[in-house]
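The values are calculated or read from the model by the stated rules, or taken from the named source; none is laboratory data. Because the structure is predicted, anything quoted here is derived from the model rather than measured. Cβ: placed from backbone, ideal geometry, glycine included. Neighbour counts: every protein chain shown. Heads up: the accessible areas ignore ligands, DNA and RNA and are worked out on the full protein's heavy atoms, side chains in. Shrake-Rupley method; radii C 1.70, N 1.55, O 1.52, S 1.80 Å.
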Amino acid sequence: MSMSAYRSRIAGTGSFLPENLITNKYLETLVDTNDEWIQERTGIKWRHKVKEGQYTSDLAYEASIQALQEAQIKASDLDMILFATVSPDQVMPNTACVLQSKLKAGDCMALDISAACSGFVYALAIADQFIKTGPMKNILVVGAEVLTPYVNYKDRDTCILFGDGAGAAVVTRAQDDQDSIIYSHHLHADGEISDLFVLPAGGSKVPFSQKVLDEEMQYVKMKGREIFKHAVRTMSKCCKEALEYNGFTPDQVDWVIPHQANVRIIKAVAYHFGISMEKVVVEIEEMGNTSAATVIIALDKAIKDGRIKRGQNILLTAFGAGITSGSLLMKY
Ligand code: ACO
(Lines give C-alpha, C1' and ligand atoms only; values in the text may rest on other atoms or scores of the structure.)
Protein backbone atom coordinates (compact mmCIF):
# COMPACT_ATOMS: atom_id res chain seq x y z
CA MET A 1 0.00 0.00 0.00
CA SER A 2 1.11 3.53 -0.74
CA MET A 3 2.58 5.62 2.09
CA SER A 4 3.07 8.62 -0.21
CA ALA A 5 1.80 12.12 0.40
CA TYR A 6 -0.37 12.15 -2.71
CA ARG A 7 -2.44 9.69 -4.72
CA SER A 8 -2.90 9.52 -8.50
CA ARG A 9 -6.33 9.41 -10.13
CA ILE A 10 -7.27 8.85 -13.73
CA ALA A 11 -9.57 11.84 -14.12
CA GLY A 12 -10.46 11.35 -17.78
CA THR A 13 -9.76 9.07 -20.75
CA GLY A 14 -10.19 9.20 -24.51
CA SER A 15 -9.47 7.11 -27.55
CA PHE A 16 -9.46 7.46 -31.30
CA LEU A 17 -9.28 4.97 -34.17
CA PRO A 18 -8.94 6.33 -37.72
CA GLU A 19 -11.78 5.66 -40.14
CA ASN A 20 -10.12 3.48 -42.81
CA LEU A 21 -10.34 -0.26 -42.18
CA ILE A 22 -8.05 -3.11 -43.16
CA THR A 23 -10.41 -6.09 -43.13
CA ASN A 24 -9.42 -9.75 -43.17
CA LYS A 25 -11.13 -10.02 -46.56
CA TYR A 26 -8.85 -7.28 -47.89
CA LEU A 27 -5.76 -9.06 -46.51
CA GLU A 28 -6.89 -12.19 -48.39
CA THR A 29 -6.22 -10.22 -51.59
CA LEU A 30 -2.64 -9.41 -50.51
CA VAL A 31 -1.27 -12.60 -48.93
CA ASP A 32 -2.08 -16.31 -48.69
CA THR A 33 -4.43 -16.16 -45.70
CA ASN A 34 -8.13 -16.23 -44.93
CA ASP A 35 -10.66 -14.58 -42.65
CA GLU A 36 -11.40 -17.78 -40.74
CA TRP A 37 -7.71 -18.47 -39.96
CA ILE A 38 -7.09 -14.90 -38.82
CA GLN A 39 -10.16 -14.78 -36.56
CA GLU A 40 -9.48 -18.21 -35.06
CA ARG A 41 -5.71 -17.71 -34.54
CA THR A 42 -5.73 -14.02 -33.49
CA GLY A 43 -9.30 -12.88 -32.69
CA ILE A 44 -8.95 -9.96 -35.10
CA LYS A 45 -11.66 -8.95 -37.61
CA TRP A 46 -10.19 -5.66 -38.79
CA ARG A 47 -7.63 -2.98 -38.00
CA HIS A 48 -7.72 0.76 -38.60
CA LYS A 49 -5.42 2.77 -40.85
CA VAL A 50 -4.66 6.47 -41.00
CA LYS A 51 -5.63 8.47 -44.06
CA GLU A 52 -3.07 10.37 -46.12
CA GLY A 53 -1.63 13.24 -44.06
CA GLN A 54 -2.81 11.86 -40.70
CA TYR A 55 0.00 11.22 -38.22
CA THR A 56 0.51 9.70 -34.78
CA SER A 57 0.16 13.13 -33.12
CA ASP A 58 -3.20 13.67 -34.89
CA LEU A 59 -4.66 10.45 -33.47
CA ALA A 60 -3.25 11.38 -30.07
CA TYR A 61 -4.76 14.87 -30.33
CA GLU A 62 -8.30 13.46 -30.80
CA ALA A 63 -7.90 11.09 -27.84
CA SER A 64 -6.33 13.80 -25.66
CA ILE A 65 -9.10 16.35 -26.29
CA GLN A 66 -11.66 13.78 -25.05
CA ALA A 67 -9.57 12.92 -21.99
CA LEU A 68 -9.06 16.59 -21.07
CA GLN A 69 -12.77 17.36 -21.50
CA GLU A 70 -13.76 14.44 -19.33
CA ALA A 71 -11.22 15.42 -16.67
CA GLN A 72 -12.33 19.06 -16.91
CA ILE A 73 -8.71 20.10 -17.19
CA LYS A 74 -7.47 22.75 -19.62
CA ALA A 75 -4.47 21.80 -21.77
CA SER A 76 -2.70 24.84 -20.33
CA ASP A 77 -3.00 23.26 -16.84
CA LEU A 78 -0.87 20.25 -17.84
CA ASP A 79 2.46 19.89 -16.03
CA MET A 80 3.73 17.10 -18.27
CA ILE A 81 2.91 15.17 -21.46
CA LEU A 82 4.16 11.59 -21.64
CA PHE A 83 3.77 10.10 -25.09
CA ALA A 84 4.25 6.33 -25.37
CA THR A 85 4.98 5.34 -28.95
CA VAL A 86 7.34 3.42 -31.22
CA SER A 87 5.95 5.17 -34.30
CA PRO A 88 6.58 8.88 -33.63
CA ASP A 89 5.69 11.50 -36.27
CA GLN A 90 9.47 11.93 -36.74
CA VAL A 91 12.54 10.73 -34.84
CA MET A 92 13.07 14.34 -33.78
CA PRO A 93 11.39 16.40 -32.35
CA ASN A 94 9.61 14.08 -29.97
CA THR A 95 5.88 13.64 -30.61
CA ALA A 96 5.00 14.85 -27.10
CA CYS A 97 6.25 18.32 -28.16
CA VAL A 98 4.22 18.14 -31.39
CA LEU A 99 1.13 17.23 -29.36
CA GLN A 100 1.87 19.98 -26.82
CA SER A 101 1.77 22.49 -29.68
CA LYS A 102 -1.41 21.05 -31.24
CA LEU A 103 -3.17 21.15 -27.85
CA LYS A 104 -1.80 24.65 -27.14
CA ALA A 105 -0.71 23.29 -23.77
CA GLY A 106 1.97 25.94 -23.30
CA ASP A 107 5.13 25.31 -21.32
CA CYS A 108 5.30 21.88 -19.71
CA MET A 109 7.65 18.93 -19.70
CA ALA A 110 7.03 16.81 -22.84
CA LEU A 111 8.65 13.45 -23.39
CA ASP A 112 8.26 10.31 -25.56
CA ILE A 113 8.47 6.90 -23.92
CA SER A 114 9.77 4.06 -26.08
CA ALA A 115 8.76 0.73 -24.56
CA ALA A 116 6.71 -0.66 -27.47
CA CYS A 117 3.49 -2.37 -26.38
CA SER A 118 4.32 -1.82 -22.69
CA GLY A 119 4.64 1.92 -23.37
CA PHE A 120 1.37 3.07 -21.85
CA VAL A 121 1.85 1.06 -18.65
CA TYR A 122 5.43 2.37 -18.37
CA ALA A 123 4.26 5.96 -18.95
CA LEU A 124 1.38 5.70 -16.47
CA ALA A 125 3.81 4.43 -13.82
CA ILE A 126 6.15 7.36 -14.47
CA ALA A 127 3.21 9.79 -14.24
CA ASP A 128 2.19 8.21 -10.93
CA GLN A 129 5.68 8.76 -9.50
CA PHE A 130 5.61 12.47 -10.40
CA ILE A 131 2.17 12.87 -8.81
CA LYS A 132 2.92 10.79 -5.68
CA THR A 133 6.10 12.64 -4.87
CA GLY A 134 4.44 16.01 -5.23
CA PRO A 135 5.96 18.07 -8.03
CA MET A 136 3.10 17.67 -10.50
CA LYS A 137 -0.70 17.76 -10.42
CA ASN A 138 -1.89 17.18 -13.99
CA ILE A 139 -0.24 14.80 -16.43
CA LEU A 140 -1.41 13.73 -19.88
CA VAL A 141 -0.41 10.13 -20.62
CA VAL A 142 -0.80 9.06 -24.25
CA GLY A 143 -0.35 5.75 -26.04
CA ALA A 144 -0.54 6.25 -29.80
CA GLU A 145 0.77 4.48 -32.88
CA VAL A 146 0.70 4.57 -36.64
CA LEU A 147 2.14 1.13 -37.28
CA THR A 148 0.82 0.50 -40.80
CA PRO A 149 3.86 2.10 -42.55
CA TYR A 150 6.14 -0.38 -40.74
CA VAL A 151 4.17 -3.44 -41.80
CA ASN A 152 5.11 -5.45 -44.86
CA TYR A 153 1.84 -6.30 -46.60
CA LYS A 154 3.59 -9.22 -48.28
CA ASP A 155 4.40 -10.86 -44.90
CA ARG A 156 1.38 -12.82 -43.66
CA ASP A 157 2.94 -13.36 -40.22
CA THR A 158 2.78 -9.67 -39.34
CA CYS A 159 0.35 -7.89 -41.68
CA ILE A 160 -2.65 -9.59 -40.09
CA LEU A 161 -1.83 -8.21 -36.63
CA PHE A 162 -1.09 -4.48 -36.53
CA GLY A 163 -3.19 -1.33 -36.79
CA ASP A 164 -3.24 2.39 -36.02
CA GLY A 165 -4.90 4.05 -33.01
CA ALA A 166 -4.53 6.23 -29.95
CA GLY A 167 -5.65 6.54 -26.36
CA ALA A 168 -5.05 9.13 -23.65
CA ALA A 169 -5.54 9.51 -19.91
CA VAL A 170 -5.38 12.62 -17.75
CA VAL A 171 -3.80 11.69 -14.45
CA THR A 172 -4.35 14.13 -11.59
CA ARG A 173 -3.58 14.43 -7.89
CA ALA A 174 -6.62 12.88 -6.14
CA GLN A 175 -8.64 15.14 -3.79
CA ASP A 176 -9.18 13.97 -0.20
CA ASP A 177 -12.78 12.89 -0.99
CA GLN A 178 -11.72 10.83 -4.03
CA ASP A 179 -10.50 7.37 -3.09
CA SER A 180 -8.78 6.51 -6.41
CA ILE A 181 -5.22 5.27 -6.09
CA ILE A 182 -2.52 3.57 -8.13
CA TYR A 183 -1.47 0.85 -5.69
CA SER A 184 1.63 -0.37 -7.49
CA HIS A 185 3.54 -0.77 -10.69
CA HIS A 186 6.09 -3.42 -11.54
CA LEU A 187 8.03 -2.82 -14.75
CA HIS A 188 10.50 -5.19 -16.34
CA ALA A 189 12.74 -5.57 -19.38
CA ASP A 190 14.79 -8.38 -20.85
CA GLY A 191 17.16 -7.12 -23.54
CA GLU A 192 18.68 -10.58 -23.88
CA ILE A 193 15.72 -11.59 -26.08
CA SER A 194 15.38 -8.30 -27.95
CA ASP A 195 15.74 -10.07 -31.31
CA LEU A 196 12.21 -11.50 -31.04
CA PHE A 197 10.64 -8.36 -32.43
CA VAL A 198 12.62 -5.66 -34.25
CA LEU A 199 12.40 -2.81 -36.72
CA PRO A 200 15.87 -3.14 -38.28
CA ALA A 201 16.31 0.16 -40.16
CA GLY A 202 15.98 3.86 -39.48
CA GLY A 203 18.26 4.14 -36.45
CA SER A 204 22.02 4.73 -36.19
CA LYS A 205 22.69 1.02 -36.76
CA VAL A 206 21.04 0.83 -40.18
CA PRO A 207 20.38 4.37 -41.48
CA PHE A 208 18.05 4.69 -44.46
CA SER A 209 19.58 3.85 -47.83
CA GLN A 210 18.58 2.20 -51.08
CA LYS A 211 19.86 -1.08 -49.57
CA VAL A 212 17.31 -0.78 -46.75
CA LEU A 213 14.47 -0.54 -49.26
CA ASP A 214 15.88 -3.32 -51.46
CA GLU A 215 16.13 -5.66 -48.46
CA GLU A 216 12.85 -4.45 -46.89
CA MET A 217 14.52 -3.59 -43.59
CA GLN A 218 12.07 -0.73 -43.01
CA TYR A 219 9.47 -3.28 -41.89
CA VAL A 220 9.00 -5.07 -38.55
CA LYS A 221 10.47 -8.56 -38.21
CA MET A 222 8.91 -10.92 -35.70
CA LYS A 223 9.38 -14.40 -34.26
CA GLY A 224 5.67 -14.88 -33.61
CA ARG A 225 5.62 -18.26 -31.91
CA GLU A 226 8.46 -17.32 -29.51
CA ILE A 227 6.78 -14.02 -28.63
CA PHE A 228 3.53 -15.84 -27.97
CA LYS A 229 5.16 -18.06 -25.32
CA HIS A 230 7.03 -15.21 -23.64
CA ALA A 231 3.93 -12.98 -23.68
CA VAL A 232 1.84 -15.56 -21.84
CA ARG A 233 4.53 -16.38 -19.29
CA THR A 234 5.53 -12.76 -18.63
CA MET A 235 2.09 -11.20 -18.36
CA SER A 236 0.77 -13.92 -16.03
CA LYS A 237 3.90 -13.46 -13.87
CA CYS A 238 3.45 -9.68 -13.80
CA CYS A 239 -0.21 -10.08 -12.74
CA LYS A 240 0.73 -12.45 -9.90
CA GLU A 241 3.53 -10.09 -8.81
CA ALA A 242 1.07 -7.17 -8.53
CA LEU A 243 -1.34 -9.17 -6.39
CA GLU A 244 1.35 -10.61 -4.12
CA TYR A 245 2.89 -7.18 -3.55
CA ASN A 246 -0.46 -5.72 -2.51
CA GLY A 247 -1.76 -8.77 -0.63
CA PHE A 248 -4.70 -9.10 -3.04
CA THR A 249 -6.43 -12.27 -4.19
CA PRO A 250 -7.60 -12.62 -7.82
CA ASP A 251 -11.25 -12.16 -6.78
CA GLN A 252 -10.44 -8.67 -5.45
CA VAL A 253 -9.62 -7.65 -9.03
CA ASP A 254 -12.66 -6.40 -10.94
CA TRP A 255 -11.05 -6.10 -14.37
CA VAL A 256 -7.83 -7.16 -16.04
CA ILE A 257 -6.74 -5.17 -19.09
CA PRO A 258 -3.92 -6.99 -20.86
CA HIS A 259 -2.06 -5.80 -23.94
CA GLN A 260 -4.21 -6.74 -26.94
CA ALA A 261 -1.84 -8.68 -29.22
CA ASN A 262 -3.73 -11.91 -29.83
CA VAL A 263 -6.93 -13.17 -28.18
CA ARG A 264 -5.27 -16.55 -27.58
CA ILE A 265 -2.47 -14.85 -25.63
CA ILE A 266 -5.12 -13.03 -23.56
CA LYS A 267 -7.04 -16.25 -22.83
CA ALA A 268 -3.86 -18.08 -21.85
CA VAL A 269 -2.86 -15.25 -19.48
CA ALA A 270 -6.31 -15.34 -17.84
CA TYR A 271 -6.01 -19.12 -17.44
CA HIS A 272 -2.50 -19.05 -15.92
CA PHE A 273 -3.33 -16.07 -13.70
CA GLY A 274 -6.51 -17.80 -12.55
CA ILE A 275 -9.16 -15.27 -13.50
CA SER A 276 -12.36 -15.70 -15.50
CA MET A 277 -12.47 -14.23 -19.03
CA GLU A 278 -15.62 -12.40 -17.90
CA LYS A 279 -13.31 -10.07 -15.96
CA VAL A 280 -10.93 -9.48 -18.87
CA VAL A 281 -11.39 -6.56 -21.24
CA VAL A 282 -10.95 -7.75 -24.84
CA GLU A 283 -11.10 -5.14 -27.59
CA ILE A 284 -8.77 -6.70 -30.14
CA GLU A 285 -11.50 -7.83 -32.56
CA GLU A 286 -12.13 -4.40 -34.04
CA MET A 287 -8.65 -2.84 -33.81
CA GLY A 288 -5.87 -5.46 -33.89
CA ASN A 289 -2.57 -4.77 -32.14
CA THR A 290 -2.01 -1.00 -31.78
CA SER A 291 1.10 -1.48 -29.58
CA ALA A 292 1.35 1.27 -26.92
CA ALA A 293 -2.27 2.26 -27.55
CA THR A 294 -4.06 -1.04 -26.87
CA VAL A 295 -4.27 -0.88 -23.07
CA ILE A 296 -5.53 2.70 -22.91
CA ILE A 297 -7.98 2.22 -25.78
CA ALA A 298 -9.40 -0.89 -24.05
CA LEU A 299 -9.55 0.98 -20.72
CA ASP A 300 -11.34 3.93 -22.32
CA LYS A 301 -13.87 1.72 -24.12
CA ALA A 302 -14.67 -0.22 -20.94
CA ILE A 303 -15.12 3.02 -18.97
CA LYS A 304 -17.31 4.61 -21.68
CA ASP A 305 -19.65 1.59 -22.01
CA GLY A 306 -20.04 1.27 -18.24
CA ARG A 307 -18.15 -1.98 -17.64
CA ILE A 308 -15.56 -0.21 -15.50
CA LYS A 309 -16.91 1.85 -12.61
CA ARG A 310 -15.32 4.15 -10.02
CA GLY A 311 -14.07 2.27 -6.98
CA GLN A 312 -13.25 -0.91 -8.92
CA ASN A 313 -9.80 -2.50 -8.89
CA ILE A 314 -8.23 -2.60 -12.33
CA LEU A 315 -5.09 -4.56 -13.22
CA LEU A 316 -3.21 -3.48 -16.35
CA THR A 317 -0.54 -5.71 -17.82
CA ALA A 318 1.54 -5.45 -20.97
CA PHE A 319 4.32 -7.01 -22.96
CA GLY A 320 6.19 -5.61 -25.94
CA ALA A 321 9.34 -5.37 -28.01
CA GLY A 322 12.46 -4.96 -25.92
CA ILE A 323 11.33 -7.25 -24.43
CA THR A 324 9.51 -4.94 -22.01
CA SER A 325 6.70 -5.94 -19.68
CA GLY A 326 4.87 -4.83 -16.58
CA SER A 327 1.74 -4.48 -14.51
CA LEU A 328 -0.09 -1.68 -12.77
CA LEU A 329 -2.80 -2.17 -10.15
CA MET A 330 -5.16 0.70 -9.35
CA LYS A 331 -8.46 1.60 -7.80
CA TYR A 332 -10.20 3.54 -10.60
N1 ACO B 1 -2.78 -17.13 -42.62
C2 ACO B 1 -2.84 -18.45 -42.80
N3 ACO B 1 -1.91 -19.30 -42.32
C4 ACO B 1 -0.88 -18.77 -41.63
C5 ACO B 1 -0.75 -17.39 -41.43
C6 ACO B 1 -1.75 -16.55 -41.95
N7 ACO B 1 -1.73 -15.23 -41.79
N8 ACO B 1 0.38 -17.17 -40.70
C9 ACO B 1 0.93 -18.36 -40.48
N10 ACO B 1 0.18 -19.34 -41.05
C11 ACO B 1 0.43 -20.77 -41.05
C12 ACO B 1 1.89 -21.12 -40.82
O13 ACO B 1 2.62 -21.10 -42.03
C14 ACO B 1 1.80 -22.50 -40.22
O15 ACO B 1 1.62 -23.43 -41.22
P16 ACO B 1 2.36 -24.86 -41.13
O17 ACO B 1 1.75 -25.52 -39.91
O18 ACO B 1 1.99 -25.50 -42.43
O19 ACO B 1 3.82 -24.56 -40.98
C20 ACO B 1 0.51 -22.45 -39.40
O21 ACO B 1 -0.26 -21.37 -39.96
C22 ACO B 1 0.76 -22.19 -37.93
O23 ACO B 1 1.71 -21.13 -37.80
P24 ACO B 1 2.16 -20.59 -36.41
O25 ACO B 1 3.21 -19.55 -36.63
O26 ACO B 1 2.45 -21.71 -35.48
O27 ACO B 1 0.80 -19.89 -35.99
P28 ACO B 1 0.41 -19.34 -34.59
O29 ACO B 1 -0.77 -20.05 -34.12
O30 ACO B 1 1.60 -19.24 -33.68
O31 ACO B 1 -0.07 -17.88 -34.96
C32 ACO B 1 0.72 -15.63 -34.73
C33 ACO B 1 0.83 -16.96 -35.51
C34 ACO B 1 -0.69 -15.11 -34.91
C35 ACO B 1 1.72 -14.66 -35.31
C36 ACO B 1 0.99 -15.91 -33.24
O37 ACO B 1 2.19 -16.63 -33.08
C38 ACO B 1 1.08 -14.64 -32.42
O39 ACO B 1 0.09 -13.93 -32.25
N40 ACO B 1 2.27 -14.35 -31.87
C41 ACO B 1 2.49 -13.16 -31.09
C42 ACO B 1 2.68 -12.01 -32.01
C43 ACO B 1 2.72 -10.72 -31.25
O44 ACO B 1 2.03 -10.53 -30.31
N45 ACO B 1 3.56 -9.80 -31.75
C46 ACO B 1 3.76 -8.54 -31.18
C47 ACO B 1 4.15 -8.67 -29.73
S48 ACO B 1 5.04 -7.38 -29.15
C49 ACO B 1 4.09 -6.12 -29.46
O50 ACO B 1 2.90 -6.23 -29.40
C51 ACO B 1 4.80 -4.88 -29.90
Legend entry - Heavy atoms of Val98 accessible to a 1.4 Å probe, total area in Å² rounded to 10: 30
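Using a 1.4 Å probe and counting only protein heavy atoms, arrange Thr172, Thr249 so the residue with the most accessible area comes first.
Numbers: Thr172 15, Thr249 60 Å².
From most exposed to least exposed: Thr249, Thr172.
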Inset, instruction - Please report, in whole Å, how far the alpha carbons of region 8-173 spread along each principal axis, starting with the longest. - result: 54, 29, 25
Inset, instruction - Measure off, as a whole percent, the carbon and sulfur share of the 1.4 Å-probe accessible area of region 8-173, all protein chains present. - result: 50
Inset, instruction - Quick one: divide the alpha-carbon radius of gyration of the chain by 2.2 N^0.38 Å and tell me what you get. - result: 0.94
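Return the subset of Lys309/Lys331; Lys49/Lys102; Lys279/Lys331; Lys45/Lys237; Lys25/Lys45; Lys74/Lys104 for which the Cα-Cα distance in this structure is over 18 Å, preserving the input order.
Numbers: Lys309/Lys331 10 Å; Lys49/Lys102 21 Å; Lys279/Lys331 15 Å; Lys45/Lys237 29 Å; Lys25/Lys45 9 Å; Lys74/Lys104 10 Å.
Lys49/Lys102; Lys45/Lys237, as the Cα separations exceed 18 Å there.
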Legend entry - Overall Cα dimensions of region 227-332 - principal axes, largest extent first, Å: 33, 30, 21
Legend entry - Phe16, Phe162, reordered so the largest accessible area comes first (probe 1.4 Å): Phe16, Phe162
Inset, instruction - Over region 8-173, give the accessible area per residue in Å² for a 1.4 Å probe, as an integer. - result: 41
Inset, instruction - Run the numbers on region 8-173 and let me know its relative contact order in percent, using alpha-carbon pairs under 8 Å that are six or more apart. - result: 35
Inset, instruction - With everything on Cα atoms, drop me the angle between helix 56-71 and the longest principal axis of the chain, reported from 0 to 90° to the nearest 10. - result: 20
Legend entry - Mean Cβ count within 10 Å, highest first, over the residues of peptides 230-239, 112-121, 320-329: 112-121, 320-329, 230-239
Inset, instruction - Calculate the radius of gyration of the Cα atoms of region 172-294 to one decimal place, then report Dmax, the largest Cα-Cα distance, as a whole number, both in Å. - result: 18.5, 60
Legend entry - Peptide ranges 149-156, 204-211, 59-66 listed from the most packed, as the mean C-beta count within 10 angstrom indicates: 59-66, 149-156, 204-211
